[in-house]
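Peer 1: Pasting a structure below so you can have a look.
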Amino acid sequence: MHDPLIQLWGVARHYTVGKTAVAALAGIDLGIPRGEFTALVGPSGSGKSTLLNLIGGLDRPSSGGIRVDGLDLDKAGEQQLVKHRRERVGFIFQSFNLLPTLTALENVESPLVLGEVPRSERRTRATALLESVGLGQRLSHHPNELSGGEKQRVAIARALANKPVLLLADEPTGNLDTKTGATILDLLCGLVRKSGLTLVMVTHDLEVASRADRIVHLRDGSIQQVETNPPVEATV
Amino acid sequence: MTINDQIRTAFSNVGRRKLRSALASLGVVVGTVTIVLMVSLASGVRRQINRQFESIGLDRLTVYSNGSRRGEANPFGFSPKRRNVTIQDVSRWKSLPGVTKVIPEINMSASVGLELNWNGTNQPVRMSGDSRPGAFFFQELPKPVAGSLDLPEQGGIILSQGAVRAAGVSSNEFARVIGQKVEAILRTPRGETQSFHLQVVGISQERTPTVQASLNDRIAMKNWWFNSTNIVERDGYDSVIVRAADVSRANDLSMQLRKEGFQVQSMELFVTAANRILTVITTMFTMIGGIALLVATIGIANTMVMAIYERTREIGILKAMGASRGEVRQMFMLEAGFIGMIGGVFGLLIGWVLGIGLNQMIEILSRLREQPMHGKFFLVTPWLALGVIAFATFIGLMAGLLPAQRAASLDPLQALRHE
């Protein structure tokens, strides 16, 4: 049994819209083991993206505790959250969120620039990552010269650049056609299986979720059900 | 993020929007050109003045008898008591410590009738007075056309090239004139005359017919003219040049002699006064340039606010990847600093080229007016060049301060949702 990489207890997140408080999450208790693919599913407004952002250190809970890889995010200072995002987490977004003025290679390099990795090493590592996602021929292309699937591959390579322990993906196949979406999903699943990364993915697509080791169903900010899939045997 | 990467990123971001960056830096260019022109003019003129005085000698004092005489205006106001510079004063000063040279001067009024009898001609000439300091501001120091301009104590004469030409000597024969004997004749209105036989030591550039005779001959001429046995005993010397060993000794001497009741002009005073005036003028114009630069900050700040609005999502992405507030702030501040620096560099270049053009114009105009003035009046010193670029960069950084702070404090989630 893996030790939980992510632990949440009693996590709540309220937003104030005008004068009324809206509860995005209420009383979440959850443990996510290391090296597993967890899918967060639920209708829109169920709080799945909020939960993902809390785990990624982009947001803070209103109450409750979150511990990721030994760091208590709810108590962490600004600099610790920055370090958490920089070193432990790789984000993958539905709308890719590539930097439009940079080439594919430069996009993948950008987290390494923030991590103060030496120039030559950055280039080698970013090139290798792009090759590993099948974009070895597309290094100097700008995002607007790439297809949706290629953009998401660049985004995945970028998310992996700083060798994170945790990949957080928010509807990574949401903007892609079914076929491209399937290959992206294969790529992500392969990463979990091969390199032991922990993947937490937000999706409303139950077919996508069925690939996960663990499916967390959310509704109105609460966990309704946690399903575990029988672990797929690793094939060598 | 290393500072190198920050600089590289900022630079490429500025380069991405060339037109906008150029327009934003235009204000800085205008301000910088103003400052460069004004400060370079001031330092050019300052250098000219200092060089002029240095060649005359900052260690030189000119001592005058105090008080007015025969309608001569006293530039420093009137003193009730007259203190003559006597022969005794001169010999006393010669023995003072730190005095290297004491040169007494006797001037002859232009109303004295003087004729030059030489080379078969007889022409009226004027005895040129001693040139008071400042008389040849920005002009070249007098140089001999032939021979030397150093007169012996007695028996020597310097002719102006005007006087030599008037006697029918062409310029290629000037060298032949040196060493020749000439007869200078004083003639009173009643027709009495007195001859002085003098030897030519040099020819000056002066185009009007003037001569300059040795001191003792001038004394003798003045004695005869005023029918006096010893005019120096009675009236003292007109002026005495005292050369000190160094500038600080010259300052001490000028204070001491002033206390004794003499009127003293020292180069140091001129230089100090000229520099003080220049400093005031420079400061004023630099402030005008500074105001232009302050206005330029508004342009840069506006550009940065727009850029940050457009790149809000980008800021969100950077923050999600682990960019800290400080890094985001520095990134935008550096961009603003670069816009300022680019403006500063172009302003410096334009100001520098304008200065060179103006220098040429002054040189050409001064040559047309037969007052050759050499040297640069607009002088861009390395300090000015560095200082003005540094200042323009600083202005840019300041302009970027608030917008960058705003970018840094953006909430990453809201920034990511920005369309």
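The values are calculated or read from the model by the stated rules, or taken from the named source; none is laboratory data. This one's a predicted model, so the numbers in the text were calculated from it and none came from an experiment. Neighbour counts run over all protein chains shown; Cβ positions are idealised from the backbone, glycine included.
Peer 1: Quick check on my filter: what residues within segment A:89-100 are aliphatic (A, V, I, L, M) and crowded, with 22+ Cβ neighbours inside 10 Å?
Peer 2: Result: A:V89, A:I92, A:L98.
Peer 1: Can you name the residue in segment B:410-419 that is touching a residue at least 12 places away in the same chain (Cβ under 8 Å) and not in a helix (DSSP H, G or I) and, of all such residues, is farthest from B:M333 (Cα to Cα)?
Peer 2: Quick first cut of segment B:410-419, residues touching a residue at least 12 places away in the same chain (Cβ under 8 Å) only: B:410, B:412-419.
Those still in the list that are not in a helix (DSSP H, G or I) too: B:410, B:418-419.
Values: B:L410: 15, B:H418: 22, B:E419: 24 Å.
Out of the qualifying residues, it is B:E419.
Peer 1: Let me ask you something else. Can you find, within segment B:375-390, the residue that is nearest to the chain's Cα centre (by Cα) among those that are in a helix (DSSP H, G or I) and of a type in the set (V, I, T)?
Peer 2: Top of the filtered list is B:V388.
Peer 1: Identify all residues within segment B:317-340 that are surrounded by fewer than 24 Cβ atoms within 10 Å (Cβ to Cβ) and charged (D, E, K, R); write none if there are none.
Peer 2: B:R325, B:E327, B:R329
Peer 1: Return the total of residues in segment B:168-195 being in a loop (DSSP other than H, G, I, E, B) and within 38 Å of the chain's Cα centre (by Cα). Don't jump to the end; show me each part of the working.
Peer 2: Within segment B:168-195, the first condition is being in a loop (DSSP other than H, G, I, E, B), and the residues that meet it are B:168-170, B:178-180, B:188-192.
Then keep just the ones that are within 38 Å of the chain's Cα centre (by Cα); that gives B:169-170, B:178-179.
Looking only at that region, the number is 4.
Peer 1: Just one of the numbered conditions (1) in contact with a Pro (Cβ under 7 Å, 6 or more places away or on another chain); (2) buried (at least 16 other Cβ atoms within 10 Å of the Cβ) is not true of A:T103; which one?
Peer 2: Against the list (1) in contact with a Pro (Cβ under 7 Å, 6 or more places away or on another chain); (2) buried (at least 16 other Cβ atoms within 10 Å of the Cβ), A:T103 comes up short only on (1).
Peer 1: Let me ask something additional. Give the residues of segment B:376-409 that are within 14 Å of chain A (Cβ to nearest Cβ) and surrounded by fewer than 19 Cβ atoms within 10 Å (Cβ to Cβ), sorted by residue number.
Peer 2: B:S409
Peer 1: Being at pLDDT below 90 and assigned by TED's automatic domain parsing to the domain that holds B:G343 narrows it down to one of B:G289, B:G322, B:G261, so name that one.
Peer 2: Every option except B:G289 fails the conditions.
Peer 1: Residues in segment B:222-236: is at least one within 30 Å of B:V145 (Cα to Cα), in contact with a strand residue (DSSP E or B) (Cβ under 7 Å, 6 or more places away or on another chain) and crowded, with 20+ Cβ neighbours inside 10 Å?
Peer 2: Within segment B:222-236, none of the residues are within 30 Å of B:V145 (Cα to Cα), in contact with a strand residue (DSSP E or B) (Cβ under 7 Å, 6 or more places away or on another chain) and crowded, with 20+ Cβ neighbours inside 10 Å.
Peer 1: Among the listed residues B:V271, B:V280, B:V242, identify the single one that is at pLDDT below 85 and either more than 14 Å from chain A (Cβ to nearest Cβ) or farther than 29 Å from B:S43 by Cα (or both).
Peer 2: Working: B:V280 fails: at pLDDT below 85; B:V242 fails: at pLDDT below 85.
Exactly one residue qualifies, and that residue is B:V271.
Peer 1: With respect to A:L30, is the statement that it is surrounded by 15 or more Cβ atoms within 10 Å (Cβ to Cβ), in contact with a helix residue (DSSP H, G or I) (Cβ under 7 Å, 6 or more places away or on another chain) and part of a strand (DSSP E or B) true?
Peer 2: The answer is no for A:L30.
Peer 1: Further, regarding this structure: Restricting to segment B:105-116, name every residue that is at pLDDT 85 or above and either surrounded by fewer than 15 Cβ atoms within 10 Å (Cβ to Cβ) or not hydrophobic (A, V, I, L, M, F, W, C) (or both).
Peer 2: Within segment B:105-116, B:E115 is the sole residue that qualifies.
Peer 1: In segment A:8-30, is there at least one residue being closer than 22 Å to A:A159 by Cα, modelled with pLDDT under 95 and of a type outside the set (A, V, I, L, M, F, W, C)?
Peer 2: From segment A:8-30, those closer than 22 Å to A:A159 by Cα are none; that's our starting set.
No, that holds for no residue.
Peer 1: Let me ask you something else. Determine the pairs where a residue that is away from every other protein chain (no Cβ under 14 Å), located within segment A:53-75, has a partner that is among the polar types (S, T, N, Q) with Cβ atoms under 6 Å apart, the partner being 6 or more residues away or on another chain.
Peer 2: Between residues of segment A:53-75 that are away from every other protein chain (no Cβ under 14 Å) and residues that are among the polar types (S, T, N, Q), the close pairs are A:R67/A:Q7.
Peer 1: OK, next. When only residues in segment B:78-104 that are small (G, A, S) and not in a helix (DSSP H, G or I) count, which is modelled with the highest pLDDT?
Peer 2: B:S95
Peer 1: Next question. Output yes when any residue across segment A:92-102 is of a type in the set (S, T, Y), part of a helix (DSSP H, G or I) and either within 14 Å of chain B (Cβ to nearest Cβ) or on the phi < 0 side of the Ramachandran plot (or both), and no when none is.
Peer 2: So far as segment A:92-102 goes, no, none of its residues is of a type in the set (S, T, Y), part of a helix (DSSP H, G or I) and either within 14 Å of chain B (Cβ to nearest Cβ) or on the phi < 0 side of the Ramachandran plot (or both).
Peer 1: Then there's this: I'd like to check which helices (runs of 4 or more DSSP H) are fully inside segment A:135-218 and have at least 1 residues that are of a type in the set (V, I, T), more than 28 Å from A:L102 (Cβ to Cβ) and touching a residue at least 60 places away in the same chain (Cβ under 8 Å). Even if it seems obvious, please write down each step before you answer.
Peer 2: Numbers: elements: A:148-160, A:178-195, A:206-209.
Of the helices (runs of 4 or more DSSP H) lying wholly inside segment A:135-218, those with at least 1 residues that are of a type in the set (V, I, T), more than 28 Å from A:L102 (Cβ to Cβ) and touching a residue at least 60 places away in the same chain (Cβ under 8 Å) span A:206-209.
Peer 1: Now a separate question. Looking at segment B:120-161, which of the residues that are polar (S, T, N, Q) and at pLDDT below 80 is farthest from B:N107 (Cα to Cα)?
Peer 2: Applying the filter and picking the extreme gives B:Q139.
Peer 1: Here is a list: B:T279, B:T283, B:T188, B:T208. Which entry is in the same structural domain as B:L401 (by TED's automatic domain parsing) and touching a residue at least 60 places away in the same chain (Cβ under 8 Å)?
Peer 2: B:T279
Peer 1: So, of the residues in segment A:107-131 that are more than 8 Å from every other protein chain (Cβ to nearest Cβ) and buried (at least 22 other Cβ atoms within 10 Å of the Cβ), which turns out to be nearest to B:G316 (Cα to Cα)?
Peer 2: A:N107
Peer 1: Next question. Give me the residue from segment B:391-409 that is in a helix (DSSP H, G or I) and small (G, A, S) and, out of that set, nearest to B:G344 (Cα to Cα).
Peer 2: Kept after step one, since they are in a helix (DSSP H, G or I), are these residues of segment B:391-409: B:391-408.
Next, from what is left, pick out any that are small (G, A, S): B:392, B:396, B:399-400, B:404, B:407-408.
Details: B:A392: 5, B:G396: 10, B:A399: 14, B:G400: 16, B:A404: 21, B:A407: 25, B:A408: 26 Å.
Only one residue fits best here, namely B:A392.
Peer 1: For segment A:202-219, check the following and say yes or no: at least one residue is within 17 Å of A:F91 (Cβ to Cβ), modelled with pLDDT of 90 or more and not basic (K, R).
Peer 2: As a first pass, look at segment A:202-219 and keep what is within 17 Å of A:F91 (Cβ to Cβ): A:202-203.
From the residues that got through so far, the ones that are modelled with pLDDT of 90 or more too are A:202-203.
Then drop every residue that is not not basic (K, R), which leaves A:202-203.
Yes: segment A:202-219 contains one or more residues that are within 17 Å of A:F91 (Cβ to Cβ), modelled with pLDDT of 90 or more and not basic (K, R).
Peer 1: Would you mind finding the one in A:E106, A:E116, A:E121 that is on the phi > 0 side of the Ramachandran plot and out of contact with any Lys or Arg (no Cβ under 9 Å at 6 or more places or on another chain)?
Peer 2: Sole residue among the options that is on the phi > 0 side of the Ramachandran plot and out of contact with any Lys or Arg (no Cβ under 9 Å at 6 or more places or on another chain): A:E116.
Peer 1: With respect to B:R46, is the statement that it is outside any strand (DSSP E or B) and without any contact (Cβ under 8 Å) to a residue 12 or more places away in the chain true?
Peer 2: Details: outside any strand (DSSP E or B): yes; without any contact (Cβ under 8 Å) to a residue 12 or more places away in the chain: no.
Considered against the rule, which asks whether it is outside any strand (DSSP E or B) and without any contact (Cβ under 8 Å) to a residue 12 or more places away in the chain, B:R46 comes out as no.
Residues checked against (1) within 14 Å of chain A (Cβ to nearest Cβ); (2) closer than 20 Å to B:P382 by Cα:
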site: B:M1; (1), (2): yes, no
site: B:Q6; (1), (2): yes, no
site: B:N13; (1), (2): yes, no
site: B:R16; (1), (2): yes, no
site: B:A22; (1), (2): no, no
site: B:L26; (1), (2): no, no
site: B:G31; (1), (2): no, yes
site: B:V36; (1), (2): no, yes
site: B:L41; (1), (2): no, yes
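Peer 1: Only one of B:G290, B:G322, B:G326, B:G316 is more than 14 Å from every other protein chain (Cβ to nearest Cβ) and more than 11 Å from B:P403 (Cβ to Cβ). Can you tell me which?
Peer 2: Details: B:G322 fails: more than 14 Å from every other protein chain (Cβ to nearest Cβ); B:G326 fails: more than 14 Å from every other protein chain (Cβ to nearest Cβ); B:G316 fails: more than 14 Å from every other protein chain (Cβ to nearest Cβ).
That would be B:G290, the only listed residue that is more than 14 Å from every other protein chain (Cβ to nearest Cβ) and more than 11 Å from B:P403 (Cβ to Cβ).
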